[in-house]
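Let me begin by presenting the structure, written as structure tokens, before commenting on it.
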Amino acid sequence: MRLSSKQKVLLFTILFLIAATILCVVLHKSLKKKPAIVKLKVQQQTIKNVIDISGNISAANSQKLMASSNSIVERVFVKEGDFVKKGMPLVWMDSLEEDYNLKVVDHNIEEQRINGSKKKLELLLAERKVKEKKLQDKQLFARFDGIVASLDCNPGDYFEQGSSYFGELIDRSYLEAVVEILEDDVQKLKIGQRVIFNFPAIEDEEIEGYVKSYPAVGEITDRGATIVKANIRIDNPPDYLLPGYSFTGEIYVNEPEKVLTLKNEGIMFKKGETFAERYTENGNTELVSIKVEPLTKGVSKILEGLENGDTIKAQREAPTK
């Protein structure tokens, strides 16, 4: 039987409506599908409460060797790298002029004691102290126990007063640095806090020190920030750690702590209590009472109820950024 044009149009319309209805039903069911179940892990993390610092390390003490007046080097008692004790001679400069001037003053003092006035004698005795000091300045002694870090002079060398120093004695019994602490972190500072140093010149090694001191008064920098300058120290430093090395580091406000963490999406609240839905070995879930406290944004610290590696069912989607 042949269909008329009107019948064909009607049949096509009916088939189209049926297909459209089926498609709508399929789409509706797909849209109503439950979202995929998200599983979360309880993880162990190490958290640190630290103050970041940077700077340059320096020797505990330093003595620059230089000429107190225009002088010729007369004797050199040490060489670079020598360890010396306090009071040991280092370098003596020519002191003929100073010796002569001191002897002249001594002669004048003896004359004044016999025939002179008391006032003139007092002036000569004061002058002698000045001459004696100038003579002492020609003889350079170690002011402390230390190591000759640098020395560039030999007998016969001539140095002018005020010229750059020709040697340096340093005390390496400890090394220290002064670091700037922002005012927001000052309240966290305590004497004796552990400091971990990282030196670019020393790869793959951390060196430990401590907070030695800090003032009770802050300073305002050129940038307008208020800071406190803290003194940090390294006792018995290794020989390869040299004064002047740059560093970055951390002052430990508290020692590092290992904690269990869980994203907040895995935590549910019922009647004022806190729970998590934990997966069991057979794939089912069980409701577990837990105790938590905020740690960072979107993450809580687990105090009780869960263990490292537990798998937790998410109760809601993570917030979008």
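The values are calculated or read from the model by the stated rules, or taken from the named source; none is laboratory data. The structure presented is a predicted model; accordingly, all values stated were derived computationally and were not measured. Ideal geometry is used to build each Cβ from the backbone, glycine not excepted, and the neighbour counts take in all protein chains shown.
A few comments on the model shown:
- Failed criterion for Asn308 (all others in (1) assigned to a loop (DSSP other than H, G, I, E, B); (2) in contact with a strand residue (DSSP E or B) (Cβ under 7 Å, 6 or more places away or on another chain); (3) exposed (fewer than 12 other Cβ atoms within 10 Å of the Cβ); (4) not assigned by TED's automatic domain parsing to the domain that holds Leu182 hold): (3)
- Some residue of region 131-151 being touching a helix residue (DSSP H, G or I) at 6+ places or on another chain (Cβ under 9 Å), modelled with pLDDT of 80 or more and not β-branched (Val, Ile, Thr): yes
- Selection status of Glu206, in the same structural domain as Glu304 (by TED's automatic domain parsing) and charged (D, E, K, R): no
- Odd one out for Ile290, checked against (1) surrounded by 11 or more Cβ atoms within 10 Å (Cβ to Cβ); (2) not assigned by TED's automatic domain parsing to the domain that holds Gly266: (2)
Every residue, every condition in (1) in a loop (DSSP other than H, G, I, E, B); (2) surrounded by fewer than 16 Cβ atoms within 10 Å (Cβ to Cβ), yes or no:
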position: Lys64; (1), (2): no, yes
position: Ser68; (1), (2): yes, no
position: Val73; (1), (2): no, no
position: Val91; (1), (2): no, no
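- Tabulated pairs, region 220-244, first in the same structural domain as Gln187 (by TED's automatic domain parsing) and closer than 21 Å to Ile191 by Cβ, second among the small types (Gly, Ala, Ser) and at pLDDT 90 or above, C-beta under 6 angstrom, 6+ apart or interchain: Asn231/Ser213; Ile232/Ala177; Ile232/Gly209; Arg233/Gly209; Ile234/Gly209
- Pairs, first in contact (Cβ under 8 Å) with a residue 12 or more places away in the chain in region 88-105, second assigned to a helix (DSSP H, G or I) and surrounded by fewer than 18 Cβ atoms within 10 Å (Cβ to Cβ), C-beta under 6 Å, six or more apart: Ser95/Leu135; Glu98/Lys134; Glu98/Leu135; Leu102/Leu135; Val105/Glu127; Val105/Arg128
- For region 252-266, filtering for residues that are assigned to a strand (DSSP E or B) and of a type in the set (S, T, N, Q) leaves 2.
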